[in-house]
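The values are calculated or read from the model by the stated rules, or taken from the named source; none is laboratory data. Bear in mind that the values here come from a model prediction, so they are computed numbers and not experimental data. With ideal geometry, Cβ positions are generated from the backbone for all residues, glycine too; neighbour counts draw on all protein chains shown.
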Amino acid sequence: METLFFSRCHNDKTNLSEYALYKWHHPEGNVPYDTSDLVVACESDPDRFVIELKSEGDSPTLTGSKYDPVVTFTVPANTSTDDREWKIFVSGTDCRQSVVQRSMYTDVTIGETTWARGNIVLKDSRFAIGSPTDFGLFFRFNSIYGLPSDDPKAWMYQNIAYNPDQVTIQWKDMPYDDDSDPCGLADPAGTWRLPTKDEIESLSSTVDFSQPYDYNYGEMNGVFVYKYAEGKLIMPGGGVLYGTYGTGMARYYWKGEGYIRSGTPCYAMKGHLFRDRTTIVELLANRYALPVRCVRQ
């Protein structure tokens with residue numbers, strides 16, 4: 001006989017048999033990244049029924065019964081760079097109920113500075129903070145026009161920019177202003193800014209050179225990354241974007257307050273593989289566009 005499913009809002013079982021009804025789950029909403037329990041309660045006519053959690057790459061199942069309709073899943077820690085949604089299924093039917101497990105990679109506080117977990121990306125037609133391994137949008141010096149670069153092997157400007165609405169504009173026509181800070185536009189607007197020289201250089205103090213190479217550098221999601229603060233803060237090797245050609249691997253980011261512009265050079269943050277200096281601020285021609293990593297206002 002077919003098993004019938006009714007959601008929490010439509011669970012009238014009058015004149016039905018062989019039913020398995022979702023009742024509730026706990027916790028609800030968002031949960032931390034670490035290992036935790038997820039409890040799902042049902043009401044059932046058959047002696048046995050299956051409850052399944054579905055997430056990308058994983059789908060654990062437990063069996064409930066008429067006499068023991070509450071099951072407890074142990075959800076493993078989410079060590080990926082993205083939040084993870086666990087959807088609840090009862091007897092093969094989607095309950096349209098879920099729990100979002102946060103990524104272990106969140107905003108990181110170093111000293112008195114809180115660093116964003118990722119670079120600026122375009123999300124839902126707005127500037128936002130992306131995943132730790134997203135290259136994100138590239139910005140010319142003192143510009144708030146975000147330039148996409150989805151293919152790191154072909155890093156050259158394609159005459160498309162976002163502000164955050166899409167515009168078609170030539171590289172040479174890109175406007176800039178000395179007071180421009182793309183971080184100030186990242187959602188929620190007004191809560192982020194570019195980091196200072198001192199804040200950038202302080203990252204080197206969080207690198208433990210006594211550890212093996214892959215403790216401080218490595219590959220995640222197919223991207224070469226630099227790791228800070230015991231691996232909690234991840235920065236991808238974003239390289240630079242140019243009007244006609246590009247180059248990858250070396251990590252550059254614009255810095256904020258105190259940077260100097262004189263003629264064509266300006267100051268930027270650069271990641272090194274040297275054991276005595278992983279992060280420095282150095283001169284870079286302002287004809288390039290760089291990814292942006294923000295800090296809290």
| Condition check for Tyr162: at pLDDT 85 or above, aromatic (Phe, Trp, Tyr) and closer than 15 Å to Ile120 by Cα | yes
| Residues in region 30-40: is at least one modelled with pLDDT of 95 or more and over 30 Å from Thr133 (Cα atoms)? | yes
| query | Restricting attention to region 62-96, which residues are part of a strand (DSSP E or B), closer than 16 Å to Asp37 by Cβ and not hydrophobic (A, V, I, L, M, F, W, C)? | reply | Gly64, Thr72, Thr74, Arg84
| request: Inspect region 202-218 for any residue being in contact (Cβ under 8 Å) with a residue 40 or more places away in the chain, in a loop (DSSP other than H, G, I, E, B) and among the acidic types (Asp, Glu) and give the result as yes or no. | output: no
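Here is a yes/no grid of residues against (1) at pLDDT below 90; (2) surrounded by 14 or more Cβ atoms within 10 Å (Cβ to Cβ); (3) aliphatic (A, V, I, L, M); (4) in contact with a His (Cβ under 9 Å, 6 or more places away or on another chain):
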residue: Pro175; (1), (2), (3), (4): yes, no, no, no
residue: Gly184; (1), (2), (3), (4): no, yes, no, no
residue: Phe224; (1), (2), (3), (4): yes, yes, no, no
residue: Gly238; (1), (2), (3), (4): yes, yes, no, no
| said: If Ala189 satisfies all but one of (1) at pLDDT below 65; (2) among the aliphatic types (A, V, I, L, M); (3) part of a loop (DSSP other than H, G, I, E, B), what's the number of the condition it fails? | reply: (1)
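Per-residue answers, yes or no, for (1) more than 30 Å from Ser205 (Cα to Cα); (2) surrounded by 14 or more Cβ atoms within 10 Å (Cβ to Cβ); (3) assigned by TED's automatic domain parsing to the domain that holds Tyr162; (4) touching a strand residue (DSSP E or B) at 6+ places or on another chain (Cβ under 6 Å):
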{"residue": "Trp24", "(1), (2), (3), (4)": "yes, no, no, yes"}
{"residue": "Gly29", "(1), (2), (3), (4)": "yes, no, no, no"}
{"residue": "Asp34", "(1), (2), (3), (4)": "no, no, no, no"}
{"residue": "Phe49", "(1), (2), (3), (4)": "yes, yes, no, yes"}
{"residue": "Thr72", "(1), (2), (3), (4)": "yes, no, no, yes"}
{"residue": "Ile88", "(1), (2), (3), (4)": "yes, yes, no, yes"}
{"residue": "Cys95", "(1), (2), (3), (4)": "yes, yes, no, yes"}
{"residue": "Thr113", "(1), (2), (3), (4)": "no, yes, yes, yes"}
| request: Kindly indicate the residue of region 223-234 that is without any contact (Cβ under 8 Å) to a residue 60 or more places away in the chain and of a type outside the set (Asp, Glu) and also farthest from Thr114 (Cα to Cα) among those meeting that condition. | output: Phe224
| task | Report those strands (runs of 3 or more DSSP E) wholly inside region 108-168 carrying at least 2 residues which are under 26 Å from Asp178 (Cβ atoms) and aliphatic (A, V, I, L, M). | result | 113-123, 126-129, 160-162
| request: Give the residues of region 56-99 that are within 29 Å of Leu233 (Cα to Cα), free of Cβ contacts under 8 Å to residues at least 40 places away in the same chain, polar (S, T, N, Q) and in contact with a Lys or Arg (Cβ under 8 Å, 6 or more places away or on another chain), sorted by residue number. | output: Ser98
| Hey, does region 248-269 have a residue that's modelled with pLDDT under 55, outside any loop (DSSP other than H, G, I, E, B) and touching a Lys or Arg at 6+ places or on another chain (Cβ under 7 Å)? | yes
